[in-house]
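To start, the structure itself, in C-alpha cells.
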Amino acid sequence: MEQQKKYLTLSNIITVILVVFLLAMFFSPALKGRVIQGLMTIGLFQPDVPKKPLANSTTSKQTTMPDASFTDVKGATILLSQLKGKVVFINFWATWCPPCIAEMPSINTLYSKYKDNQNVVFIMVDVDGKMEASTAFMQKREFKLPVYISASETPQEYFSGSMPTTVILDKSGNIVFRHVGAADYANPKVSEFINKLR
C-alpha cells in the first residue's frame, strides 16, 4: 500500500498527463491545430504585415512574376496572369498539416470580408492535389473557402515546399506579402493591408 502511494504523487500524475498530451499532439494533427489556434488567441503567430504595400526587393527586380495555374472544384483552370488588376491571396496547405488547420478559421474570417469583392481573389491550394479530401475538409468545418489544386508546376517564388505558405499579390501580380508557417489572418492589420492594395 505504501509502495502504491509512492507512485501516486502529484509530480508522477502531472508527468503522466504531460506524456499523454504530448503523444496525443504527435498523433493528432487536429489536436495540435487546436493548440496552435489557442496560442493565436493570446497573440502568438501574428503575420508580419508590411507597413507599405510595396513589392519586396527580390520581386521588384523582376519585370514579371512567373505564371502558375490552378484548377477549382468544377474543373475550371485559372492562370495568375489572368488575375492582374485584382489582389490575390494564395494559401498553400494540406488537410493533415496542423499549422494549416490552426490558421484556417482566421483565413475563413478574412475571406468572409472579401467574398463579394470582385477585386480580391482567394486561392486555397491543396498541395496534395486531393480535391475530394480538401473539399470534404472545408465542408466538415463549414468553411466557405474556394479550394484549388495546382494545374502546373508551382514556381518557388510562390511555394517552396513548407506548409502553410501564404502569398499576397498586388494588382500588378507582384508578391507584396509572403509568410511561411501559421498566422492569424483575422488580425485587422491584414485586411488593412489588403485594402491599401485595392
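The values are calculated or read from the model by the stated rules, or taken from the named source; none is laboratory data. Fair warning: this is a prediction, and the values are worked out from it, not measured in the lab. Please note: Cβ atoms are built from the backbone with ideal geometry, for glycine as well, and neighbour counts cover all protein chains shown. Protein only, heavy atoms only, side chains kept; ligands, DNA and RNA dropped before computing areas. Shrake-Rupley method; radii C 1.70, N 1.55, O 1.52, S 1.80 Å.
The table that follows gives values for the structure above.
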| quantity | calculated |
| --- | --- |
| Built amide H within the under 5 Å cut-off of ALA68, gap 5+ | LEU80, SER81 |
| In Hz, Karplus ³J(HN,Hα) per residue of segment 192-198 (6.51, -1.76, 1.60; θ = phi - 60°; x = Gly, Pro) | 4, 5, 4, 4, 5, 7, 5 |
| Karplus-derived HN-Hα couplings along segment 92-105 (A = 6.51, B = -1.76, C = 1.60, θ = phi - 60°), whole Hz, x at Gly and Pro | 9, 8, 8, 5, 9, 8, x, x, 5, 4, 5, 8, 4, x |
| Accessible area (Å², 1.4 Å probe, nearest 10) - SER106 | 10 Å² |
| Label-to-label distance, nm, for residues given as GLU132 and LYS84 (7 Å Cα→Cβ offset) | 3.9 nm |
| Listed pairs LYS74/LYS140; LYS86/LYS130; LYS130/LYS196; LYS86/LYS196; LYS113/LYS189; LYS130/LYS171 exceeding 23 Å between Cα atoms | LYS86/LYS130; LYS130/LYS196; LYS130/LYS171 |
| Dipole of segment 106-153 [Lys/Arg +1, Asp/Glu -1 at C-beta], most positive-end residue of ALA133, ILE149, VAL121 | VAL121 |
| Gain in span if fully extended, LYS74 to THR41, counting 0.36 nm per residue against the direct Cα distance | 8.4 nm |
| Shape of segment 115-180, Cα gyration tensor, a/c cut at 1.5 | oblate |
| Residue-wise HN-Hα coupling along segment 152-162, computed from phi with Karplus coefficients 6.51, -1.76, 1.60 (Hz; x: Gly, Pro) | 8, 5, 7, x, 4, 4, 8, 9, 10, x, 8 |
| Distance (nanometres) between label positions extended 7 Å along Cα→Cβ at ASN117 and GLU157 | 2.3 nm |
